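Take a look at the structure set out below.
The values are calculated or read from the model by the stated rules, or taken from the named source; none is laboratory data. Quick caveat: nothing in here was measured; it's all calculated off a predicted structure. Cβ coordinates were reconstructed from backbone atoms using ideal geometry, including for glycine residues, and neighbour counts include every protein chain displayed. When the accessible area is computed, the model is the full protein with side chains, heavy atoms only, and any ligands, DNA or RNA have been set aside. Shrake-Rupley method; radii C 1.70, N 1.55, O 1.52, S 1.80 Å.
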Amino acid sequence: MDFDKNIECIISHFPFNGKMTEIKLTGSGLINSTYRVIFSNDVCESKYILQKINTNVFKNPDELMSNIMNVTTYLRNQIALEGGNPQRDTLTFLYTNENTPYYRDDEGNCWRVYKFIDKCYTVDKIDSPVKAYRSGKAFGHFQKLLADYPIDNLFETIKNFHNTPSRFDDLNTAIEQNLAGRKELVADEIDFAMSRLKDASKLTDMIKSGEIPVRVTHNDTKINNVLFDSITNEAFCVIDLDTIMPGLSLYDFGDSIRSSAVTVDETESDLSLVDINMELYENFANGFIEEAGSALTQAELDNLAFSAKLMTLECGVRFLTDFLNGDTYFRIEYPEQNIVRCRNQFRLVEQIENKMDAMNNIVKESYRRVVLEG
Ligand code: ADP
Ligand code: GN1
Ligand code: MG
C-alpha cells in the first residue's frame, strides 16, 4: 500500500481532532521510525508523535506497550506528587479508537501515538558542563522516580539487553556465520573485542552473587533520549521508554557517558577526535549522584566508572555484530556506518581505560561532597 493511503488509514484509528496538516520524520533514533504530525481544526492545532514500533527489535508489542502504559501512569502520579508538570515531564500515550495502546496495520506494522512536547530539543552529544550536569540529574532523577515501581510488573522487552557476555556470544555467532562476508575486513575489531572478554562478565557475575541490586532502569540512556527545554535549557523529560526493565543503575550511568561526556558523538569517523571529556564527566557524575547517589550501594559506586567502559565496549560489540550480520538491527545512513560506530566506541573504550583512575576519583569525590557532606 502506498504511504499516503496507509497513513490515512493509520491515523483514522486514533482520536485526533481535525485534519492532518503536516507529517514530518523527526529525531535521530536508530530503532523506531518517528514522525511529528500536526492536526488542525478551526480552533487549534495539536501536535503528536506517531511512531512505527520496530518489531524486528521489539518482538512483543503487547508486552512493550503494557510496560509503557503502566510506567507512564506511575510516573505521572510521582511527578504530580513532587509538584512537577505530568503533561510535560513524561510522555502521554493515546489509546486507539478500539481502546488498544497501538494499532497494527494490514502489513503487520505497529503504530503508536503520544503527545508531542513543544518548545524543546534533543542533542546527540553534550557540549557544556551545565548541560552535562543537567543530563546526569535527569537520568538520576528518573531512577529515583521509579525506585518503588513494582519491578515484577515489567516484561523484559529485549532479553539479555545489557547482558554483556550474551552480547559477546552474539558476536561469536556473527563471526561464525559471516552472513555479510565481512569478517576479513574487521579482524582488528574482533581482536579488540576479544582482548576485553574478561571484563564482560563483571557485572553479570555481581548480579548472580547478589553483590549488586537489580532496579527498575531505563537501559537506553543515550542523550538524545532526553528533552531539553528551549527556554531554560533544563533536561526535563526522559523519553524512549521501550527498554524500561529490571536492570542496573550502572547501566544507566555507564550507557550515558558515551554521549554525555565525550568530545564527539558515535558517528564521528576521525578517531583522533574521540575522547572522554573529563569536565563533562565530572558534571554528569555530580548531577547523577545528586539525584540517585544516596540510594547507591558501595558496590555500585565502586563500579560507576567501570560501567562507562563496559557499556561503551558492549555498544561497540553490538555495532560490530550488526556489521557482520549485514546491518539488520541499527538504522544506517551509509553502508559502513556500523563499523565506523564500532571503531568510534572502541577508541572511546581505550580512552576510558587511560582515564579510569581519574574517573573513579571523580565519583568518590562527588559522592563525598554531594551525599556524605550534603
Ligand atoms: P528511537 O527509539 O528510534 O530512538 P525515540 O523515541 O527516541 O525513538 O524518538 C526519536 C526522536 O524523536 C527523539 O530523539 C526526539 O528528538 C523526538 N521525540 C520523541 N518523542 C518526542 C516528544 N514527545 N516530543 C518531542 N520530540 C520527541
Ligand atoms: C539504540 O533507540 P536509540 O537510538 O535511542 C539502541 C541502544 C544503543 C543505541 C546506540 C533498543 O538507541 O541500545 O545504545 O541505539 N536501542 C535499542 O546509538 O537497541
Ligand atoms: Mg531514542
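Assorted remarks:
- Qualifying residue in segment 229-242 (condition: within 23 Å of K355 (Cβ to Cβ) and of a type in the set (A, V, I, L, M)): no
- In segment 1-21, the residues that are of a type outside the set (G, A, S) and either open to solvent by 60 Å² or more (accessible area, probe 1.4 Å) or within 16 Å of ligand 2 (Cβ to nearest atom) (or both): M1, D2, F3, D4, K5, E8, P15, N17, K19, T21
- Residue in segment 22-33 that is farthest from Y114 (Cα to Cα), counting only those that are open to solvent by 50 Å² or more (accessible area, probe 1.4 Å) and touching a residue at least 60 places away in the same chain (Cβ under 8 Å): S28
- Qualifying residue in segment 232-241 (condition: assigned by TED's automatic domain parsing to the domain that holds F306, among the small types (G, A, S) and surrounded by fewer than 23 Cβ atoms within 10 Å (Cβ to Cβ)): no
- Of the strands (runs of 3 or more DSSP E) lying entirely inside segment 186-259, those containing at least 2 residues that are within 16 Å of ligand 3 (Cβ to nearest atom) are 226-229, 235-238.
- The residue pairs whose first member lies in segment 39-61 and is within 12 Å of M20 (Cα to Cα), whose second member is more than 16 Å from ligand 3 (Cβ to nearest atom) and part of a loop (DSSP other than H, G, I, E, B), and whose beta carbons are closer than 7 Å, counting only pairs six or more residues apart or on different chains, are F39/F16; F39/N17; F39/G18; S40/G18; N41/N17; N41/G18; S46/N17; K47/D118.
- Residues that are closer than 30 Å to K159 by Cβ and surrounded by fewer than 18 Cβ atoms within 10 Å (Cβ to Cβ), drawn from segment 34-53: T34, K52
- Number of positions in segment 357-374 that are exposed (fewer than 15 other Cβ atoms within 10 Å of the Cβ) and among the hydrophobic types (A, V, I, L, M, F, W, C): 2
- Exactly one residue out of E266, E291 is part of a loop (DSSP other than H, G, I, E, B), buried (at least 18 other Cβ atoms within 10 Å of the Cβ) and not aliphatic (A, V, I, L, M), and it is E266.
- Checked against the criterion of being open to solvent by less than 50 Å² (accessible area, probe 1.4 Å), within 29 Å of E63 (Cβ to Cβ), touching a helix residue (DSSP H, G or I) at 6+ places or on another chain (Cβ under 8 Å) and among the aromatic types (F, W, Y), the candidates Y251, Y281 yield just one match: Y251.
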